[in-house]
Amino acid sequence: MGVVAPNGIGLQAFEQALRNSESGIRHLTDLEKLNFSCQVGGIPPLTDEIKSRYFSELTIKVLKSSGIIYGCIAGMDAWKDAGFPPGADPDAEPDWDAGCIFGTGLSGVEPLRDAIYAVDAGNVRRLGSRVVEQTMSSGISAYLCGILGLGNQVTTNSSACSTGTESIIMAWDRIREGKAEVMLAGSCDSFGPYIWGGFDSMRVLNRSSNDAPEKASRPMSATAEGFVPGAGAGALVLESLDHALKRGAKIYAEVLGGAVNAGGQRNGGTMTAPNSRGVIRCIVKAMENAGVQSGEVDAICGHLTSTMGDVLEVRNWSEALGRTGKDFPYINSLKSMIGHCLGAAGSIETVAAVLQLQNDFFHANLNAEDLHPEISGRIDAAKVPAKPVTPAGFSVIGKSSFGFGDVNACLFLKKY
């Protein structure tokens, strides 16, 4: 695995942040200068020194998309962590059995902005030769293809905030179908006002915590006032068990299965709100696909964005599992520490889920000390831990993601 998150770059730093309940949300002066109502966000602490470990000076100079940069770093780290060679030899044969499904929401906004200004100024010939590859939707998977020498399916998926979780399920499907032995799955998203401005204008971002950024993201809280924007990337290498055992791979966890669907924007579902029937159906179908019984689910790594949707999400999980009160699984939201990383959210959160599963801990929910009464009335407050806990017999964790357009993705992971 590999991760570039607002509270940690690399697995070691990221896990330490999870264990220590460290927030990566900061006040951003650029947003203040641009008169944003929400002036806080989660941006990975990426330095020039870190970039130099992954890219040449020329690449650093021309690569303007923060999303692609995050995705490449996470992807390269995951590939190295899996024990695979980087594929640096341009004359070598591609790895025909290894591919990549790496999603994004909007990873090429910065170079697109520069291109628009250049075209409007009549400087088309000065755009340079690297604009298209950074602004096309599949830019991130194309970059990873070349860096790693991948010869199987290489593509980019985009399903709003369910993108990252969906990419893992799609990669899992391809391996299960016998069409690949190894797939790099993940997602990334850029940061900045050109992406976050639309959400600010929709009034769905937190507007009252600019002087207390670490308190701004409040999933499941009665005083939640909107989500906090974030950015980054998560990457996971999936492979068939036989292939992994044959090469002596380090195995973090097993992907049991999952499901994706849409609510059709019916029965209360809209472009921005979920159809609960679709969500419940997605969770149930994911359990069926994974061969998981309701009582076997020990914990849930939720979508939980710090909006009124959190109440609905907990209710949907409760109804899908048929579990309430003390019987409900533990549940947490990484967004309380890093904000909502949009298209990158599902993959970063899945990396967090796997680290918790492998290392027998379940990270805290920040700022949920005043649990929403509709949540506390349905599940036991102890199942929303304010400090890290170790669930008894921690073995199976569910990961869900829901996105604009009424789209859903859910998968289940098991300790190996």
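The values are calculated or read from the model by the stated rules, or taken from the named source; none is laboratory data. If you're wondering where the values come from, they're calculated on a predicted model, not measured in any experiment. When we count neighbours, we look across all protein chains shown, and the Cβ atoms used for this are built from the backbone with ideal geometry, even at glycine.
Looking for whichever is touching a strand residue (DSSP E or B) at 6+ places or on another chain (Cβ under 9 Å) and under 21 Å from Asn206 (Cβ atoms) here; the options are Ala381, Ala364, Ala386. Which one fits?
Result of the check over Ala381, Ala364, Ala386: Ala364.
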Check: Does at least one position in the stretch 160-168 carry a residue that is closer than 30 Å to Glu254 by Cβ, surrounded by fewer than 24 Cβ atoms within 10 Å (Cβ to Cβ) and modelled with pLDDT of 95 or more?
Finding: yes
Scanning the stretch 56-83 for residues that are at pLDDT below 95 and outside any helix (DSSP H, G or I), the one nearest to Gly139 (Cα to Cα) turns out to be Ser65
Scanning the stretch 114-133 residue by residue, the ones that are surrounded by 13 or more Cβ atoms within 10 Å (Cβ to Cβ) and either modelled with pLDDT under 75 or closer than 24 Å to Gly403 by Cα (or both) total 4
Among (1) crowded, with 20+ Cβ neighbours inside 10 Å; (2) assigned by TED's automatic domain parsing to the domain that holds Ser336; (3) closer than 18 Å to Val354 by Cα, Gly263 falls short only on (3)
Out of (1) of a type outside the set (S, T, N, Q); (2) modelled with pLDDT under 95; (3) on the phi < 0 side of the Ramachandran plot; (4) surrounded by fewer than 18 Cβ atoms within 10 Å (Cβ to Cβ), the one Arg203 does not meet is (3)
When every residue in the stretch 95-113 that is surrounded by 16 or more Cβ atoms within 10 Å (Cβ to Cβ) and in a loop (DSSP other than H, G, I, E, B) is compared, the one nearest to the chain's Cα centre (by Cα) is Gly105
Taking the stretch 6-20 and keeping residues surrounded by fewer than 20 Cβ atoms within 10 Å (Cβ to Cβ) and either in the same structural domain as Leu357 (by TED's automatic domain parsing) or assigned to a helix (DSSP H, G or I) (or both) leaves Leu11, Gln12, Ala13, Gln16, Arg19
Here the residues within the stretch 294-322 that are assigned to a loop (DSSP other than H, G, I, E, B) and buried (at least 18 other Cβ atoms within 10 Å of the Cβ) are Val297, Asp298, Gly302, His303, Leu304, Thr305, Ser306, Thr307
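Here is a yes/no grid of residues against (1) without any contact (Cβ under 8 Å) to a residue 40 or more places away in the chain; (2) of a type in the set (Val, Ile, Thr):
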| site | (1), (2) |
| --- | --- |
| Lys250 | no, no |
| Val255 | no, yes |
| Asn261 | no, no |
| Gln293 | yes, no |
| Glu296 | no, no |
query: in the same structural domain as Gly403 (by TED's automatic domain parsing), of a type in the set (Ser, Thr, Tyr) and within 24 Å of Glu22 (Cβ to Cβ) - does that describe any residue in the stretch 322-329?
result: no
If you go through Pro90, Pro86, the only one that is over 23 Å from the mean Cα position of the chain (by Cα), touching a residue at least 60 places away in the same chain (Cβ under 8 Å) and part of a loop (DSSP other than H, G, I, E, B) is Pro86
Across the stretch 114-133, the tally of residues that are in a helix (DSSP H, G or I) and either among the small types (Gly, Ala, Ser) or touching a residue at least 40 places away in the same chain (Cβ under 8 Å) (or both) stands at 3
Checking Ser23, Ser37 in turn, the sole residue that is surrounded by fewer than 21 Cβ atoms within 10 Å (Cβ to Cβ), hydroxyl-bearing (Ser, Thr, Tyr) and not in a helix (DSSP H, G or I) turns out to be Ser37
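Say whether the condition of being among the β-branched types (Val, Ile, Thr) and within 25 Å of Leu63 (Cβ to Cβ) is met by at least one residue in the stretch 137-146. First the steps, then the outcome.
Applying the first criterion (among the β-branched types (Val, Ile, Thr)) to the stretch 137-146 yields 140.
In the following step, the residues that additionally are within 25 Å of Leu63 (Cβ to Cβ) were identified as 140.
Yes; the residues of the stretch 137-146 include at least one that is among the β-branched types (Val, Ile, Thr) and within 25 Å of Leu63 (Cβ to Cβ).
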Counting only residues in the stretch 134-159 that are without any contact (Cβ under 8 Å) to a residue 60 or more places away in the chain and of a type in the set (A, V, I, L, M), the one surrounded by the fewest Cβ atoms within 10 Å (Cβ to Cβ) is identified as Met136
